[in-house]
Amino acid sequence: MKVNGYAATAEKSKLTPYSYELGPLGSEDVDIKVSYCGICHSDLSMINNEWGMSQYPFVPGHEIIGEVLAIGDAVKNLKVGDRVGLGWMSSSCMSCEQCMDGSHHLCGSSEATIVGRNGGFADKVRGHWSWVIPLPEGIDMSKAGPLLCGGITVFNPIILAGVKPTDKVGVIGIGGLGHMAIKFLKHWGCEVVAFSSNPNKKQDILNMGANKVINSRAPEELESIAGQLNFILNTTNVSLDWNSYLMTLAPKGRFHTVGAVLEPMAIPAFSLIMGEKSVGGSPIGSPALTKTMLDFCVRHEIYPQVEEFSMSDVNEAIAHLEEGKARYRIVLKN
Ligand SMILES: [Zn+2]
Ligand SMILES: [Zn+2]
């Protein structure tokens, strides 16, 4: 089967139309007709080969929403025509301890949708049935794409950390990931404090459901909530004064990062010891939790705030994201 997509042909190149053959459908494979695909920062990192693992020509895109076109003969949970989503991961081994435990996203031999294979900036994409997530009835397909990567990335920590509805929580960095985190935590029942360095976003952030916006560049504002937060989720990938955030945690509070900060994070031991605080991190989440998250989104009408571009305008969309103008997530429409 022939796939028509948009590929980077070299490091940092613009995307150009590119067609390739998918080859025979494996017995556990699912082919998807792509309706929408979100743009994630990881797509940019892969286009620019920031992680040294990009292979060109390379079709980005891993926040895919579409319809099942074909299924292999061993696929039991899906049928042709089903509406589905496919995120960062496309396959896992289904037999290791992590897979058997339901943590397919921690499988050591899993495959990512855009690493060594082509993604969803195309008319079709292929995945293993385990990661092709059936969409709940009533979901808004035009906005759901970013939930498949960015959404589950910030939803999983809420479960991992056992965040309670009575908790007071903080979110650092209100972009694509952070704005979805605010919406989840708000509907979870929490009091939500947003940390942002951009005063222009304040009203937007309050509209998303935050109870309070703290200017992260103002130390006295951080001090004003010292010892109050039960949970902090960091979504930025830049180095901050982490200790000043640890000081805002209540005793037994947890600081959790999903932002891939490249430099080592300076965490003074005493800031953890006094007050039994902890620091952790996580990647995306399991397929089962992704499904649960989508149900939660439909129940509460939680969607990312998206800007829609046509798939053929992919280069303009990428430029918009690179210039920091995305409010707050971009979706490409086929
Ligand atoms: Zn992503
Ligand atoms: Zn596995």
Self-check item: Test result for L148, at pLDDT 95 or above, within 16 Å of ligand 1 (Cβ to nearest atom) and open to solvent by less than 30 Å² (accessible area, probe 1.4 Å)
Solution: yes
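For the range 97-143, how many residues meet the condition of being assigned to a helix (DSSP H, G or I), of a type in the set (S, T, Y) and either within 16 Å of ligand 2 (Cβ to nearest atom) or at pLDDT below 95 (or both)? Break it down into steps so the answer makes sense when it comes.
We begin by selecting, within the range 97-143, every residue assigned to a helix (DSSP H, G or I); these are 97-100, 104-106, 129-131, 141-143.
Cutting the leftovers down to of a type in the set (S, T, Y) gives us 130, 142.
Adding the requirement that they be either within 16 Å of ligand 2 (Cβ to nearest atom) or at pLDDT below 95 (or both) leaves 130.
Residues that pass the stated criteria total 1.
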Exercise. Please specify each residue of the range 286-328 satisfying the condition of being among the basic types (K, R) and at pLDDT 95 or above.
Key: K291, R299
Practice problem: Report, by residue number, each residue of the range 258-282 that is part of a loop (DSSP other than H, G, I, E, B), aliphatic (A, V, I, L, M) and open to solvent by 30 Å² or more (accessible area, probe 1.4 Å). | Solution: A260, L262, M265, A266, I267, M274
Exercise. Consider N77 carefully, then state whether it is among the polar types (S, T, N, Q), in contact with a strand residue (DSSP E or B) (Cβ under 9 Å, 6 or more places away or on another chain) and open to solvent by less than 40 Å² (accessible area, probe 1.4 Å).
Key: no
Quiz item: Can you pull out the residues in the range 10-62 that are more than 16 Å from ligand 2 (Cβ to nearest atom), closer than 29 Å to P134 by Cα, of a type in the set (D, E) and surrounded by 13 or more Cβ atoms within 10 Å (Cβ to Cβ)?
Solution: D29, D31, D43
Quiz item: In the range 283-306, what residues are of a type in the set (S, T, N, Q), in contact (Cβ under 8 Å) with a residue 24 or more places away in the chain and either open to solvent by less than 60 Å² (accessible area, probe 1.4 Å) or assigned to a helix (DSSP H, G or I) (or both)?
Solution: S286, T290
Exercise. Name the residue, out of V75, V59, V84, V34, that is touching a Leu at 6+ places or on another chain (Cβ under 7 Å) and modelled with pLDDT of 95 or more.
Key: V84
Quiz item: Looking at (1) over 24 Å from S282 (Cβ atoms); (2) crowded, with 18+ Cβ neighbours inside 10 Å; (3) among the β-branched types (V, I, T), which is the one condition that is false for T153?
Solution: (1)
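Condition first: among the polar types (S, T, N, Q) and either away from ligand 1 (no atom under 16 Å from the Cβ) or under 24 Å from R327 (Cα atoms) (or both). Now tell me which residues in the range 50-85 satisfy that. Explain how you work it out, then say what you get.
So the first thing to find is which residues in the range 50-85 are among the polar types (S, T, N, Q), and the list is 54-55, 77.
If the condition is that a residue be among the polar types (S, T, N, Q) and either away from ligand 1 (no atom under 16 Å from the Cβ) or under 24 Å from R327 (Cα atoms) (or both), then Q55, N77 are the ones that fit.
Looking at the range 174-217, which of its residues are among the charged types (D, E, K, R) and not in a helix (DSSP H, G or I)?
The first filter runs over the range 174-217 and keeps only residues among the charged types (D, E, K, R), leaving 183, 186, 191, 201-202, 204, 212, 217.
Across the range 174-217, the qualifying residues are E191, K212, R217.
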Exercise. Could you list, in sequence order, all residues of the range 9-45 that are out of contact with any Lys or Arg (no Cβ under 7 Å at 6 or more places or on another chain) and within 22 Å of E308 (Cβ to Cβ)?
Key: K14, L15, T16, P17, S35, C37, I39, C40, H41, S42, D43, L44
Quiz item: Assuming M94 fulfils every condition listed in (1) farther than 18 Å from C149 by Cα; (2) away from ligand 2 (no atom under 16 Å from the Cβ); (3) part of a loop (DSSP other than H, G, I, E, B); (4) in contact (Cβ under 8 Å) with a residue 24 or more places away in the chain apart from one, which condition is it?
Solution: (2)
Quiz item: So which pairs qualify, if the first residue must be in the range 61-72 and under 15 Å from C149 (Cβ atoms), the second must be open to solvent by 10 Å² or more (accessible area, probe 1.4 Å) and within 16 Å of ligand 2 (Cβ to nearest atom), the Cβ gap must be under 9 Å, and the two must be at least 6 apart or on different chains?
Solution: H62/W88; H62/M89; H62/A112; E63/W88
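The values are calculated or read from the model by the stated rules, or taken from the named source; none is laboratory data. Here the structure is a predicted model, which means the values were calculated and not measured. Reconstructed Cβ throughout: ideal geometry from the backbone, glycine too, with neighbour counts over all protein chains shown. To get the accessible areas, we keep the full protein, side chains included, count just its heavy atoms, and leave off ligands, DNA and RNA. Shrake-Rupley method; radii C 1.70, N 1.55, O 1.52, S 1.80 Å.
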